[in-house]
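Okay, so here's the structure we're looking at.
The values are calculated or read from the model by the stated rules, or taken from the named source; none is laboratory data. All figures in this text were calculated on a predicted structure; none of them were measured in a lab. Cβ: placed from backbone, ideal geometry, glycine included. Neighbour counts: every protein chain shown. Only protein heavy atoms, including side chains, enter the accessible area calculation; ligands, DNA and RNA are left aside. Shrake-Rupley method; radii C 1.70, N 1.55, O 1.52, S 1.80 Å.
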Amino acid sequence: MVNADTAVANVNQSSGETDFDVVVIGAGFAGLYALHRCREMGFRTVSLEKADSVGGTWLFNRYPGARCDIESIEYSYSFSEEIQQEWVWTENMPAQPEIEAYLNFVADRLDLRRDIKFTTHVVAMQFSDTDAAWTIRTEGGEIFTAGFVIAASGILSVPLEPTIEGMESFGGESLFTNRWPRDKVSFANKRVGIIGTGSTGVQAIPVVAREAAHLTVFQRSPAYTLPWEVRSLDDGELDEMKARYPEIRAAQREHFVGAARLTAFSFMLGMMERPRLLATSEEERQRAVEDDGVKGALNWSDVFTDMEANDLARRLYGRAIARIVTNPDTAASLVPSHAFGCKRPIIDQGYYETYNRDNVTLVDLRKGALKRVIPTGIETEQGTYDIDVIIFATGFDAMTGALTKMDIRGRLGQSLRDRWSSDGAGSYLGLAVAGFPNMFVVQAPGSPAPSSNYIAVMEANVEWITDCLAHLRHRGHRTIEATAQAQQEWMEHTTSMVKGSLFTHPSCNSWYNGGNVAGKKKMYMGYIAGVPEYRRRCDVAAANGYAGFDIDSAPST
Ligand code: N01
């Protein structure tokens, strides 16, 4: 590392030697694995992490009820037999503290901390054509130079700051789920208000309601959420699974969403095998709701393909809610307005039952909007609510936010932020962006991460990227860059797959398509052909000499 004054000179005047071969941004799941792989391959590598510890999104999102929606046995690194044999999961779906502890265990087990610079927040990066190297600047003014950058900065790591009038005037405590305090927060004897009913709000609401004197939920868009069993693993169950790990990992690897055990995603895949809702009788529909509740309402094959079926399922879903929630007005207010399937599915533990508690009030903002925060609480068009603590569960600037927050300048000084804002968020293979050589992105827009087991896609990305780095080193190459044509074709391919689907339905505003962020260009940012097909396409490109990439090319003017 050099200091800010000498850094640029260091890159420009030296013989091309950089501080590091690879700078990894982030020390969450992806950053830790990228650092490990690069180091194992002999690359001089550092990970720059803005937090003071490892964990990434699982460090910051420590709100009450935070939990993964994929089974621990599959939401974990598969690359190390030692790690998967030594770590002890206690529940089928891991809660945040256990995932954070797991990532700390991995960092220690692989001795990663010595190559992580904590509290080091990258704010800008500039590529030099002359030196074929990146100069990376941090908030603290430190400068690092590296031949390659792996951005493992997360797809759900940048909080979407709510812009609600008067927030700063609030006299009570404001808490943000995506940067929750380390010390335990007590809600005892407090009147709590929560804004946001996505995955985060749906997880936090039942837990906070059990402790607060009163909880008021300010709901702009009701969610579709599936009740899900979370349980401790039985005696011997983990050992039995550990003995079968090769088989479990093989099944996971071949699975469309990168997780072969039951998930909300696989529930949705299972819907394709079911009868058509529009072909059923009223008696069959009613029986489905009575037998299987909200799941029964949605579990039909045509719900994804026929908007009439989707709307009927939405109304059946309302019937299912009304069988749980005793107050008819509250039950009606919990029925979503948008189509099922366009947002990431949510699972919950006792969400709807929570609205039967005497200390919980639902404010349906569709009946009268939230106006402002005032010193004593929250004012809406329906009235004013006295509140001691406001919890903001308002989501993320997903997929692109971590990268556009930095001032990233590629070839000829072009800005990634400007490029994505004018052209939409594009990449080639969800791995690299044309015009930004030697920068790889773990789970860039156009990767299957949004609708899959993030860990499966992350491992595939990190392995592909590091194999690519080894290939370049072996052949003495200095630069690699996605071609504009390959990127365009990839994005045409990814977007053609969702054309006319629920993901692009006008009623759908979500982090999947950027519709949750004012001013963000709206486009579906995932890849829905499945993780195995995605991995196959990445492997084919590599096997064909990194087809779609220019290697050691001069900048075009
Ligand atoms: O964020 P969201 P999230 N006034 O964007 C509302 C992952 N995750 O943090 O829909 C009032 O889904 C907003 O309303 P609307 C998972 O991938 C996973 O909950 O824009 N309301 C919405 O209700 C998930 O999909 C797990 O109308 C406002 C909510 O805030 C992703 O993270 C757990 C508002 C935001 O919902 C994001 O989930 C948690 C305003 N000004 C998260 N601004 C698991 O693994 C926003 N909202 C289980």
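Here are the numbers for this structure:
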| item | result |
| --- | --- |
| Whichever residue in region 226-248 is surrounded by 18 or more Cβ atoms within 10 Å (Cβ to Cβ) and within 24 Å of the chain's Cα centre (by Cα) and, among such residues, is farthest from residue 321 (Cα to Cα) | 248 |
| Test: residue in region 81-100 that is closer than 30 Å to residue 346 by Cα, without any contact (Cβ under 8 Å) to a residue 12 or more places away in the chain and out of contact with any Gly (no Cβ under 7 Å at 6 or more places or on another chain) | no |
| Any hit, region 499-509, residues being within 18 Å of residue 424 (Cβ to Cβ) and crowded, with 23+ Cβ neighbours inside 10 Å | yes |
| Residue 179 touching a residue at least 60 places away in the same chain (Cβ under 8 Å), more than 9 Å from the ligand (Cβ to nearest atom) and open to solvent by 10 Å² or more (accessible area, probe 1.4 Å) | yes |
| Test: residue in region 103-123 that is in contact (Cβ under 8 Å) with a residue 24 or more places away in the chain, over 30 Å from residue 407 (Cα atoms) and within 19 Å of the chain's Cα centre (by Cα) | no |
| Pick from region 148-166, criterion hydrophobic (A, V, I, L, M, F, W, C) and more than 10 Å from the ligand (Cβ to nearest atom), ranking: surrounded by the fewest Cβ atoms within 10 Å (Cβ to Cβ) | 158 |
| Unique match (being over 21 Å from residue 503 (Cβ atoms) and open to solvent by less than 20 Å² (accessible area, probe 1.4 Å)) among 309, 288, 369 | 288 |
| Check on residue 223, modelled with pLDDT of 95 or more, aliphatic (A, V, I, L, M) and surrounded by 13 or more Cβ atoms within 10 Å (Cβ to Cβ) | yes |
| Lone qualifier among 46, 54, 22 - being assigned to a loop (DSSP other than H, G, I, E, B) and either away from the ligand (no atom under 16 Å from the Cβ) or out of contact with any helix residue (DSSP H, G or I) (no Cβ under 8 Å at 6 or more places or on another chain) (or both) | 54 |
| Residue count for region 99-127, restricted to those that are touching a strand residue (DSSP E or B) at 6+ places or on another chain (Cβ under 7 Å) and over 20 Å from residue 42 (Cα atoms) | 8 |
| Residue satisfying all of: in region 189-239; in a loop (DSSP other than H, G, I, E, B) and charged (D, E, K, R); nearest to the ligand (Cβ to nearest atom) among these | 220 |
| Some residue of region 122-132 being open to solvent by 30 Å² or more (accessible area, probe 1.4 Å) and not in a loop (DSSP other than H, G, I, E, B) | yes |
| Residue match in region 392-412 (condition: surrounded by fewer than 20 Cβ atoms within 10 Å (Cβ to Cβ), outside any loop (DSSP other than H, G, I, E, B) and not acidic (Asp, Glu)) | yes |
| Residue identified as exposed (fewer than 14 other Cβ atoms within 10 Å of the Cβ) and within 26 Å of residue 92 (Cα to Cα) among 296, 270 | 270 |
| Condition met for residue 443 (out of contact with any Asp or Glu (no Cβ under 8 Å at 6 or more places or on another chain), of a type outside the set (D, E, K, R) and open to solvent by 10 Å² or more (accessible area, probe 1.4 Å)) | no |
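A quick yes/no check of all residues on (1) open to solvent by less than 50 Å² (accessible area, probe 1.4 Å); (2) assigned to a loop (DSSP other than H, G, I, E, B); (3) away from the ligand (no atom under 14 Å from the Cβ); (4) among the β-branched types (Val, Ile, Thr):
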position	(1), (2), (3), (4)
84	yes, no, yes, no
106	yes, no, yes, yes
145	yes, no, yes, yes
168	no, no, yes, no
